[in-house]
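The structure appears below as structure tokens.
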Amino acid sequence: MSKWLLEKGERAVELEVVIGAGASRDFHAPPCAASLSEYTPCEDVQRSLKFPRENLIYRERHCPTEEELLRCRVPAPFGYRVPLRWPESRDAAWFANVPHKELTVEKKNQNWVRFEGDRFRFPGGGTMFPRGADAYIDDIGKLIDLKDGSIRTALDTGCGVASWGAYLLSRDILAVSFAPRDTHEAQVQFALERGVPALIGVLASIRLPYPSRSFDMAHCSRCLIPWGQNEGIYLNEVDRVLRPGGYWILSGPPINWENHWNGWKRTRESLKEEQDGIEKVAKSLCWKKLVQKGDLAIWQKPTNHIHCKITRKVYKNRPFCEAKDPDTAWYTKMDICLTPLPEVNDIREVSGGELPKWPQRLKSVPPRISSGSLKGITGKMFKENNELWKKRVAYYKTLDYQLAERGRYRNLLDMNAYLGGFAAALIDDPVWVMNTVPVEAEVNTLGAIYERGLIGTYMNWCEAMSTYPRTYDFIHGDSVFSLYQNRCKVEDILLEMDRILRPEGSVILRDDVDVLLKVKSFTDAMQWESRIADHEKGPHQREKILFAVKQYWTAPSPDQK
């Protein structure tokens, strides 16, 4: 029991009884059926079949209604083990954790994944990189500079088992990999099990859940996205999320079709038409084709739109979007109009502000803040926030020995990331953090998080996250339950946290003491071991910290009747 509870014992007990009894008296969270061990509420295969197949709309997020919510705890599969530690996990994962052999058969000749004894091995292969992802990235590095710190954030569309993202990490490049939940069973799940950042996602009809100007580089290796079709809407969306001067890399059909058409079992004419379509869309976006060498083609987005506006009428460039926030991306329809870059005064100026190279970028004031475009946030506040989170994370490590143990955790989630201070404070640990900015947050700070060279996504915590069960080793939440008071039920948010947290993983929540007492009354019914600790400044703060560990449990053995 913390000092606060001892010092103000009577009130604390009374609060716990009143809030606890009222909130959790009727709350029971039984285990879900073993068949739901990979349940993804907003990408449920059965529910998706009710939606149109046109433009892959059925593979987008379609979340359950209040009546359809499952109020049970998703089990780990029988035999589940704590994942291997990074960097060993990059190359191997326990079979029991993702018991699917489909990809080992389907992609056997492409060296994606192999099954050996009690584990999967990831040789780093891919459809377009038979010599492995490392050699493939080296080939890219001969065409654009991957070493000087100017490229830090990357997006991999249709990522397979995310070997591209996995092998970029040793180059200090952080990729968000995404793929739909589809016939390639478990590809994103494999990526997460390997300790590589990934989300379930698809380019269909709504914007990707990232702000404009987020990624220094985007990549598609045989990702089967029809880039030249539908008026170029998918490449237009890539343009929205690419930083000024950012690169788009394409390998696989139709690139180098002259040498591959026969092996791809396509006609020369259809492949040439496909490539012409892509070139036309890229030109309409004012992109410059930098190079095509062997199986790789690379385009570059302009650093500003001065030239694009001048040549628009001559080259029939697509019209610019008007009066639509380019950073809004939660259930927002994609456009075929071009997202305008912030205005500049000079052709050599970078729209939105030039970024320092990594790692200086992490601690530099993000241009979105220095330009005053984030209401109420100043450069001074940003620097103070950095210092604050260094102290907080140091304190967290005294509460959670697993967080303090280097290498025990790999995949971390921050539910209300603000400026990414929590993630920045952990930059020297072998972890990555998915920084989520709730769509209900007062200020949309996710663009500034990306400007720091960190990654994240938008989120509404009244819904399920686009990820598999057991994605994260550790979940952090600052004032999350205060933010969602009167918006949705505490227990529904906690059950979602339980779904995406690994057995023996931990949670740290900071919030008002009354809010945390209510939260604790639910966690006690969920097989979490939890306690409320004092604020790092001592017992006299109303804000407290709830520290919890999810106990190890799994679905029963299939042999048990």
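Per residue, the solvent-accessible area of segment 270-329 (1.4 Å probe, heavy atoms of protein chains only, all protein chains present) comes to 57 Å². Per-residue 3J(HN,Hα) values for segment 447-460, derived from phi via the Karplus relation 6.51 cos²θ - 1.76 cosθ + 1.60 with θ = phi - 60°, read x, 5, 4, 5, 5, 6, x, 9, 10, x, 8, 6, 7, 10 Hz in sequence order (x marks Gly and Pro). The accessible area of residue 343, taken with all protein chains in place and a 1.4 Å probe, comes to roughly 140 Å². Between residue 170 and residue 385, what is the spin-label point distance in nm, taking each point 7 Å from the Cα along the Cα→C-beta axis? Rounded to a tenth, the inter-label distance reads 3.5 nm. Couplings for segment 240-252, taken from phi via the Karplus curve 6.51 cos²θ - 1.76 cosθ + 1.60 with θ = phi - 60°, read 4, 8, 7, 5, x, x, x, 10, 10, 10, 10, 9, x Hz in order; Gly and Pro are left as x. Modelled spin labels at residue 363 and residue 54, positioned 7 Å past Cα toward Cβ, are 5.4 nm from each other. If amide H atoms are built 1.01 Å from N in the plane of the peptide, which residues on other chains or at least 5 residues away come under 5 Å of the amide H of residue 115? HN-HN under 5 Å from residue 115: 121. In the chain, taking the dipole from charged Cβ atoms about the Cα centre, the farthest positive-side position among 379, 415, 508 is held by 379.
Annotation: amide H-H contacts under 5 Å for residue 505 (H modelled 1.01 Å from N, sequence separation of 5 or more, or interchain): 550. Measuring nothing but alpha carbons in the chain and taking Rh as the Kirkwood radius, the Rg to Rh ratio lands at 0.97. Less than 5 angstrom separates the built amide H of residue 416 from those of 436, 478, all sequence-distant by 5 or more or on a different chain. Rolling a 1.4 Å probe across the protein heavy atoms gives segment 465-561 an accessible surface of 35 Å² per residue.
Overall dimensions of segment 388-456, expressed as equivalent-ellipsoid semi-axes from the Cα gyration tensor (√(5λ), whole Å, largest first), are 22, 12, 10. Summing +1 for each Lys or Arg and -1 for each Asp or Glu among the other residues whose beta-carbon sits under 14 angstrom from that of residue 96 gives +1.
Apolar share of the accessible surface for segment 465-513: 38 percent from carbon plus sulfur atoms, 1.4 Å probe.
Principal-axis analysis of the Cα atoms of the chain puts helix 306-315 at an angle of about 50° to the longest axis.
Ranked highest first by the average count of other Cβ atoms within 10 Å around their residues, in what order do 250-258, 353-361 fall?
Packing order, densest peptide first, comes out as 250-258, 353-361.
If I compute solvent accessible area with a 1.4 Å probe over the protein chains, what percent of it on segment 253-375 is carbon and sulfur? Carbon with sulfur: 53 percent of the solvent-accessible area. Pop out the carbon and sulfur fraction of the accessible area of segment 131-231 as a percent, whole number, probe 1.4 Å. Roughly 45 percent, rounded to a whole number. Looking at segment 206-324 alone, DSSP beta bridges between its own residues are antiparallel in about 60 percent of cases.
An ellipsoid equivalent to segment 420-561, defined through the eigenvalues of its Cα gyration tensor, has semi-axes of 25, 20, 16 Å when rounded to whole angstrom and sorted largest first.
What does DSSP give for the chain in terms of the percent of beta bridges that are antiparallel, rounded to the nearest 5?
45 percent
Roughly how many Å is it from the Cα centre of segment 260-275 to that of segment 387-402, as a whole number? First find each Cα centre; the distance between them is then 56 Å. Scoring 221-228, 173-180, 240-247 by mean Cβ neighbours within 10 Å over their residues and listing the highest first yields 173-180, 240-247, 221-228.
The values are calculated or read from the model by the stated rules, or taken from the named source; none is laboratory data. These numbers come from a predicted model, not from an experiment. Positions of Cβ are generated from backbone atoms using ideal geometry, with glycine treated the same way; all protein chains shown enter the neighbour counts. For accessibility, only protein heavy atoms count, side chains too; no ligands or nucleic acids. Shrake-Rupley method; radii C 1.70, N 1.55, O 1.52, S 1.80 Å.
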